[in-house]
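Here the structure comes first, spelled out in C-alpha cells, and everything after it is commentary.
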Amino acid sequence: MGEAVFFVTGSTYLKQHFYRDRVLLDGLQSRVFELCQKHECHLQAWAIFSNHYHLVVTAEGEELRAMLTRLHTEEGLARNEADDVHGRKVWFQFRETQLTYERSWLARLRYTHQNAVHHRLVSDATQYRWCSASWFETNARSSFVKVVNSFKIDRVNVPDDFDVVQP
C-alpha cells in the first residue's frame, strides 16, 4: 500500500485539558513534528489544543498509526511524570480518515487551519501559534492559498465538540 492523505483527530481522555499552557502546547507540537519526521508522515496542516488535535497528513497508513500510537504513549508518560501521577490515562483515541476526494481534502485543509477560530481562541487563525495557518499562508503558493480559503467548511462533518481553554 502506498502513501495516502489522512485527516486525523486525536483527543485526551474525557476531553481533559492536559495542555493548558504555552509550554505544554509547544512540547506537544514539537513531539508531533519530531514523530512525523521519524515515521515519514508529511504534515500538510495541524491544529493543536489543550485537549485534542487535528492533522492532515500524507503517509502510509501503518506508519501513521505507529506514529500516532507512539505520540499518545510518549505524551501520556511525559504528562504523568511531570504531574507526578502514575497510571493515569491521558490520551483516549485517535481517528484517521483517508481522504480520497480532492474537495474533501481541500475542505479539511481549511478546516484544520481555521480550527482555532472555530473554537473562538483567535479571530484570525494565523495568530494561533499551534496551527499551520500562518505557515501555510507563508509557504504555499498564493494561488493555492486562495483555492483552499475559498472552501466552505460549515458543512464539513467532523465531530469537534471540544471546549478548549486559552493558553
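What is the residue count in the range 76-115 for residues that are in contact (Cβ under 8 Å) with a residue 12 or more places away in the chain, assigned to a helix (DSSP H, G or I), surrounded by 15 or more Cβ atoms within 10 Å (Cβ to Cβ) and not hydroxyl-bearing (S, T, Y)?
Within the range 76-115, residues that are in contact (Cβ under 8 Å) with a residue 12 or more places away in the chain, assigned to a helix (DSSP H, G or I), surrounded by 15 or more Cβ atoms within 10 Å (Cβ to Cβ) and not hydroxyl-bearing (S, T, Y) number 11.
In this structure, does S50 turn out to be hydroxyl-bearing (S, T, Y) and in contact with a helix residue (DSSP H, G or I) (Cβ under 8 Å, 6 or more places away or on another chain)?
Yes; evaluated as a whole, the condition is true for this residue.
Could you grab me the full set of residues in the range 61-75 that are free of Cβ contacts under 8 Å to residues at least 60 places away in the same chain, crowded, with 16+ Cβ neighbours inside 10 Å and in contact with a Leu (Cβ under 8 Å, 6 or more places away or on another chain)?
Hits for the range 61-75 are M67, E75.
Within the range 66-95, can you find the residues that are of a type in the set (K, R) and touching a strand residue (DSSP E or B) at 6+ places or on another chain (Cβ under 7 Å)?
R95, the sole residue that qualifies.
Here are some conditions: (1) at pLDDT 95 or above; (2) within 20 Å of G27 (Cα to Cα); (3) more than 15 Å from the chain's Cα centre (by Cα); (4) not small (G, A, S). L121 meets all but one. Which one does it not meet?
Here L121 meets the rest and fails (1).
Spot the failing condition for R129; the list is (1) under 17 Å from A45 (Cβ atoms); (2) charged (D, E, K, R); (3) not in a loop (DSSP other than H, G, I, E, B), and only one is missed.
That leaves (3) as the condition not met.
The values are calculated or read from the model by the stated rules, or taken from the named source; none is laboratory data. All of these numbers come straight from a predicted model, not from anything done at the bench. Virtual Cβ from ideal backbone geometry, glycine too; neighbours counted across all protein chains shown.
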